[in-house]
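I have placed the structure first, in the form of structure tokens, so that the comments after it can refer back to it.
The values are calculated or read from the model by the stated rules, or taken from the named source; none is laboratory data. These figures come from a predicted structure and were not determined experimentally. Glycine also receives a Cβ, built like all others from the backbone with ideal geometry; neighbour counts cover every protein chain displayed. For the accessible areas, the whole protein counts, side chains as well, though only heavy atoms, and no ligand, DNA or RNA atoms are used. Shrake-Rupley method; radii C 1.70, N 1.55, O 1.52, S 1.80 Å.
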Amino acid sequence: MEQLLILWESTSLPHFDYKQIIMMFVGFGLLYLAIVRKFEPLLLLPIGFGAILTNIPLAGFSEAGGLLHYIYEVGVSTGVFPLLIFMGVGAMTDFSALIANPRMLLLGAAAQFGIFATLFGAILLNGLPWFEFTLQDASAIAIIGGADGPTAIFLASKLAPDLLGAIAVAAYSYMALVPIIQPPIMRALTTPEERKLPMAQLRVVTKKEKILFPLAVLVLTLILLPAATPLVGMFCFGNLLKECGVVDRLSNTAQNELINIVTIFLGLAVGSRLSADKFLTAETLGILALGAVAFSIGTASGVIMAKIMNRFSKDNINPLIGAAGVSAVPMAARVVNKVGLEANPHNFLLMHAMGPNVAGVLGSAVAAGILLALVGP
Amino acid sequence: MDTQMTDQLIEAGVLLAVGMSVVFAFLTLLIAAIHAIAWFCRAFPSAEIESPKSHQKKVSNNTSSTSVRPQIAAAITAAVHTHRHTTLRN
């Protein structure tokens, strides 16, 4: 009988807390979204699995000595993983559309309004008894509006490590929900005539311009905004690997093997932050709500900026492309293309939307640098 | 609304103003940088685009001197070849 009791004690069953069970369901929910609904599967799948692993009683995955604990400490709390991902994203990004039409950077800038406006929302939530966000927490939450996973994780690991799990899940969920969140906002802010506007074909960009571009971005950042250089620097490094054409092996590694390996570890590490005591709080609900607000405001401000630019520009600018200013590459640009095609079946906006789309990546990295410089530790 | 929240809201307002100004200023500078790069690339075209032009120029310059353009040389060779064939037959 005693042996049976010992055996019973060694199973998980007597040690389960109901909160851990809920978190495991959250993990399974993320797996469902990734596998069945194909929502950002590359990240939601490891995050979901990490969430299940970390909530197993007795296994101690996320306690000192556990695998996920070390992965988190090595890669996420140091900020290394998101930066390596950013390097890979840089190596996958083609800036041609932006270099051909540099004004699109203004759309990428306007869409960052969502980030800064959400700061107010986070602070106003403090009026309710369940919330107690500091300005650092608010900044880390607001960056969700940048719709850029690595940037959000990087900033959260520096400003609000306790909220990292919820912020990362919110950021990736909203990026996956771009096709659902953005179109109604885009339609509400534009007229059918505006959505039909065709745009002039982009000029051909030379290889030399593509090589000089990341170097120019790097020089500007290191002079004006050194706090953003970890993100922007790695991004530019990856992009230079791709564009210079003499280190194809390194470029291929950055955009394939390395980013894949890091994605696995980053996902698991983020999943390990989805423990019951950190995730099952009112703050998580607040973060999810604020993330949606940030994202929507960002989309709206991008579209409004594009409308303003269209009014003062001699060339047509279809206001829809402003919505792509919230990075989420390339999903946001595809959504713009789709909404544009609905209005005018001959109007392909994909390449035009890629300009603001990659500008949004730079914009959100710059915004993260500003927040880090102004409210950072 | 207590004073702490008011202070935080003011701070958020300052962040909004400073943040958006810096983002716009930075990206506007980047627009200028891209234009500068485009101008630079137009003024000093890269070697691989330049080489066929310079090659052509060299060839056209050389026509004034004793050397013969390859197309003309090929034509002359073909003509001589045909001429020899016809004279041999006759």
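Please indicate, with yes or no, whether at least one residue in the range A:253-263 is more than 13 Å from A:PHE86 (Cα to Cα), assigned to a loop (DSSP other than H, G, I, E, B) and free of Cβ contacts under 8 Å to residues at least 60 places away in the same chain. Checked the range A:253-263: no residue is more than 13 Å from A:PHE86 (Cα to Cα), assigned to a loop (DSSP other than H, G, I, E, B) and free of Cβ contacts under 8 Å to residues at least 60 places away in the same chain. Would you check which residues across the range A:188-217 are open to solvent by less than 60 Å² (accessible area, probe 1.4 Å), part of a helix (DSSP H, G or I) and within 13 Å of another protein chain (Cβ to nearest Cβ) and list them? Residues satisfying the conditions are A:LYS208, A:GLU209, A:LYS210, A:ILE211, A:LEU212, A:PHE213, A:PRO214, A:ALA216, A:VAL217. A:ILE223 falls short on exactly one of the conditions (1) open to solvent by 30 Å² or more (accessible area, probe 1.4 Å); (2) in contact with a helix residue (DSSP H, G or I) (Cβ under 9 Å, 6 or more places away or on another chain); (3) hydrophobic (A, V, I, L, M, F, W, C); (4) more than 22 Å from A:MET92 (Cα to Cα), and that condition is (2). For the range A:37-67, a tally of residues being surrounded by 20 or more Cβ atoms within 10 Å (Cβ to Cβ) and not in a helix (DSSP H, G or I) returns 4. Counting the residues of the range A:21-36 that are open to solvent by 40 Å² or more (accessible area, probe 1.4 Å) and assigned to a helix (DSSP H, G or I) gives 8. Of all residues in the range A:320-377, those satisfying the criterion of being of a type in the set (A, V, I, L, M, F, W, C), in a loop (DSSP other than H, G, I, E, B) and open to solvent by less than 20 Å² (accessible area, probe 1.4 Å) are A:VAL326, A:ALA328, A:LEU349. Considering the range A:103-132, the residues that are at the interface with another protein chain (Cβ under 9 Å from one of its Cβ atoms) and in a loop (DSSP other than H, G, I, E, B) include one that is least open to solvent (accessible area, probe 1.4 Å), namely A:GLN112.
Among the residues of the range A:3-20, just one is open to solvent by 100 Å² or more (accessible area, probe 1.4 Å), touching a helix residue (DSSP H, G or I) at 6+ places or on another chain (Cβ under 9 Å) and under 13 Å from A:PRO57 (Cα atoms), namely A:TYR18. Here A:ALA254 passes the criteria (1) under 22 Å from the mean Cα position of the chain (by Cα); (2) open to solvent by less than 20 Å² (accessible area, probe 1.4 Å); (3) under 30 Å from A:ILE21 (Cβ atoms); (4) small (Gly, Ala, Ser) except the one numbered (3). Taking the condition touching a helix residue (DSSP H, G or I) at 6+ places or on another chain (Cβ under 7 Å) and open to solvent by 10 Å² or more (accessible area, probe 1.4 Å), does A:ILE308 pass? For A:ILE308, the condition - touching a helix residue (DSSP H, G or I) at 6+ places or on another chain (Cβ under 7 Å) and open to solvent by 10 Å² or more (accessible area, probe 1.4 Å) - is not met.
Take the conditions (1) within 29 Å of A:ALA166 (Cβ to Cβ); (2) assigned to a helix (DSSP H, G or I); A:ASN239 misses just one of them, which is (1).
Are any of the residues in the range A:264-273 under 20 Å from the mean Cα position of the chain (by Cα) and under 30 Å from A:ARG187 (Cβ atoms)? No.
Look at A:SER301 and say whether it is modelled with pLDDT of 95 or more and among the hydroxyl-bearing types (Ser, Thr, Tyr). In short, yes.
The set of residues in the range B:6-29 that are more than 8 Å from chain A (Cβ to nearest Cβ) and open to solvent by 60 Å² or more (accessible area, probe 1.4 Å) comprises B:ASP7, B:ILE10, B:VAL14, B:SER21.
Applying the condition of being under 17 Å from the mean Cα position of the chain (by Cα) and closer than 23 Å to A:THR190 by Cα to the range A:283-301 and asking which residue is most open to solvent (accessible area, probe 1.4 Å) yields A:VAL293. Whenever a residue of the range A:12-30 is under 24 Å from A:GLY267 (Cα atoms), its partners that are hydroxyl-bearing (Ser, Thr, Tyr) and surrounded by 15 or more Cβ atoms within 10 Å (Cβ to Cβ), lying with C-beta atoms within less than 7 angstrom and at least six residues away or across chains, give the pairs A:MET23/A:SER275. The listed residues are B:THR3, B:THR77, B:THR66, and the only one of them that is more than 10 Å from every other protein chain (Cβ to nearest Cβ), exposed (fewer than 10 other Cβ atoms within 10 Å of the Cβ) and at pLDDT 65 or above turns out to be B:THR3.
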